[in-house]
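A quick write-up on the structure given underneath.
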Amino acid sequence: MTTRRLVLSRSATLIGAASSGLLLPTLARAQSNKIRVGLMLPYTGTFAQLGVAIENGFRMALDEQGGKLGGREVEFFKVDDESEPSKGIENANKLVQRDKVDVLIGTVHSGVQMGIHKVARESGVLNLIPNAGVHAATRALCAPNVFRTSFTNSQPTLALGKAMVDKGHKKAVWITWKYAAGEEAFEGFRDSYTKAGGTIMKELSLPFPNVEFQALLTEIAALKPDAVACFFAGGGAAKFIRDYAAAGLKGKIPLYGSGFLTEGVLDAAGPAADGILTTMHYSDSLDTKRNQAFRLAYAKSFRLQPDVYAVQGYDTGLLLVQGANAVKGDLSNKKALYAALEGATIDSPRGKWSMSKAHNPVQDMYLRVVENRENKVIGVAAKALADPGTGCRLG
Ligand code: PHB
């Protein structure tokens, strides 16, 4: 009798707890069984358009799979990181601790990436980097759960120096934003340009994301270099291109850049961008079926022309699809998941690329020139370029 009453009252408590909602979160999650994907990207500020292009590309790759990953439905969680490094850790934790995402896709800005990187290393959550090129993420601080689908900051500029010297430009000025991406892009430029016999007359910089270029452009005019090379991106890049022309430098001192300078900004920059030469792992005009099909589908879906950021977002989706398929949607099977990501070859609109041991793309770099609001390929500046992955001990 006593035992029976006890059993009854226990089950009554359980039913009570369930109906009052106390047990519901666990039940609901087990039942929904969706893969939780966190997007941490800039949706405001100078890189806002980059974040949108990455998200579009990523969603497009998943849509090609009926919106599923390894047979499972997907639920999205989003945070605007504002390209603000001081909030990087807090924002990454919103996705990892609060939303309990299975994978964190992010981000664009190298400084913010370092916040994500700390959270990824400490929590072990899978992090796919769709842009930020900060060296440490795939060099000394590389991690088994962190994979980059974009580039390291010095990869594009490692292909730039020789192209400039080949055109006869032996004395150059470098200009950029003073933060990791600009400084590391400079490393690639310095190494390739000096190795090819060029001399760097001066390094100029301004804080990110400032766009008061006037005094620096006046200094460039006074220095009279053979050419200028730079790293700028997003809204700031469009303004730099226009200001360069307005200062009377266009047509007098050729402008070169890490290819981000002319990505996603050609409508905003207008004719001021014509003739700019850049090196990059993608070009609008790549004459392959893969690229043309991608560009058409993207334009239809989003009523926008894709750029390198859209491609990187798309490739991030392709990589995650490959990984999720290999483990039939069970992303907790980390050993098999990471092995699939490490061994992946991505059939990208940029051309096929593979993952280096340090988890960064091994890829071709194209030399491009802007003509009529398009980046036209004029050659391959570096074939199968790998970042050295210095200090990384994986695999
Ligand atoms: C970066 O901060 O790593 C970064 C940002 C924008 C780019 C490229 C690199 O276009």
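The values are calculated or read from the model by the stated rules, or taken from the named source; none is laboratory data. As the structure is a computational prediction, the values presented were derived from the model and not from experiment. Backbone-built Cβ (ideal geometry, glycine too); neighbour counts: all protein chains shown. Keep in mind that these areas ignore ligands, DNA and RNA; they rest on the heavy atoms of the full protein, side chains included. Shrake-Rupley method; radii C 1.70, N 1.55, O 1.52, S 1.80 Å.
Straight-line cross-link reach from Lys239 at under 24 Å between alpha-carbon atoms covers these lysines, not counting any fewer than eight positions away in the same chain: Lys178, Lys202, Lys224, Lys250, Lys252, Lys376.
For segment 227-358, the relative contact order works out to 19 percent when only alpha carbon pairs closer than 8 Å and six or more residues apart are counted.
Carbon-plus-sulfur accessible fraction, the chain (probe radius 1.4 Å, protein heavy atoms only): 54%. Straight-line reach from Lys383: taking Cα to Cα under 28 Å and skipping same-chain neighbours fewer than 8 places apart, the lysines in range are Lys162, Lys167, Lys170, Lys171, Lys195, Lys289, Lys352, Lys357. Charges were assigned to the Cβ only: +1 to each Lys and Arg, -1 to each Asp and Glu. The resulting dipole of the chain about its Cα centre is roughly 1060 debye.
Subtracting the Cα-Cα distance of Arg373 and Ala221 from their residue separation scaled by 0.36 nm leaves 52.1 nm. Need one word for segment 159-282: rounded, prolate or oblate. Basis is the Cα gyration tensor (sqrt eigenvalues a ≥ b ≥ c); a/c below 1.5 gives rounded, then a/b vs b/c decides. Cα axes put segment 159-282 in the rounded bin. Here is how the number arises for the chain: DSSP H runs of 4 or more residues each give -39500 (n - 2.57), the sum is divided by the residue count, and the result at 222 nm is -12500 deg cm²/dmol.
Estimated at the nearest 10 Å², the accessible area of Ile116 is 0 Å² with a 1.4 Å probe.
For the chain, a Gaussian network of Cα nodes joined below 10 Å ranks Thr316, Thr278, Thr44 by mean-square fluctuation, and the top entry is Thr44. Thr218 exposes around 80 Å² of accessible area when a 1.4 Å probe is run over every protein chain in place. Classification of segment 281-395 by its C-alpha gyration tensor yields an oblate form. The axis ratio a/c (a ≥ b ≥ c) is 1.5 or more, and b/c is at least a/b.
Figure the gain on full extension for Leu394 and Lys335 (residue separation times 0.36 nm, minus the Cα-Cα span) and round it to one decimal in nm. Net length gain for the segment: 19.9 nm.
Amide H contacts of Gly70: Asn325, each under 5 Å away and 5 or more positions distant or on a separate chain (H built 1.01 Å from N in the peptide plane; Pro and chain starts excluded). Over segment 64-206, accessible surface divided per residue gives 36 Å², non-protein components excluded, 1.4 Å probe. Full extension of the chain between Lys87 and Lys195 yields a length gain of 35.0 nm, computed as 0.36 nm times the residue separation minus the alpha carbon distance.
Cysteines of the chain lacking any other cysteine Cβ under 4.7 Å from their own Cβ: Cys230. Accessible surface comparison of Asp274, Asp63, probe 1.4 Å, protein chains only, largest first: the order is Asp63, Asp274. Any idea what the relative contact order of segment 196-274 is, in percent, if you count C-alpha pairs under 8 Å spaced at least 6 apart? This gives 34 percent for segment 196-274. Only one residue of Phe231, Asn325, Trp177 has its Cα farthest out toward the positive end of the dipole of the chain, where Lys and Arg carry +1 and Asp and Glu -1 on Cβ, and that residue is Asn325. Our coupling estimate for segment 366-377, obtained by passing each phi through the Karplus curve with A = 6.51, B = -1.76, C = 1.60 and θ = phi - 60°, is 9, 9, 10, 10, 7, 9, 6, 6, 9, 8, 9, 6 Hz, Gly and Pro reported as x.
Peptides 346-354, 244-252 ranked from most to least packed give 346-354, 244-252, packing being the mean of other C-beta atoms within 10 angstrom over each peptide's residues.
For Lys100, the lysines whose Cα comes closer than 18 Å to its Cα, not counting residues fewer than 8 places off in the same chain, are Lys34, Lys78, Lys118, Lys334. The phi-based Karplus calculation (6.51 cos²θ - 1.76 cosθ + 1.60; θ = phi - 60°) puts the 3J(HN,Hα) values of segment 269-274 at 7, x, x, 4, 8, 4 Hz, whole numbers, x for Gly and Pro. In sequence order, segment 294-308 has phi-based couplings of 4, 5, 5, 5, 5, 4, 5, 5, 10, 6, 8, 7, x, 9, 4 Hz under the Karplus curve 6.51 cos²θ - 1.76 cosθ + 1.60, θ = phi - 60°, and Gly or Pro positions carry x. Using C-alpha pairs under 8 Å with a sequence gap of at least 6, the mean separation divided by the residue count of the chain gives a relative contact order of 18 percent.
Each residue, Lys328 and Ser123, gets one label point 7 Å from its Cα in the Cβ direction; the gap between the two is 2.8 nm.
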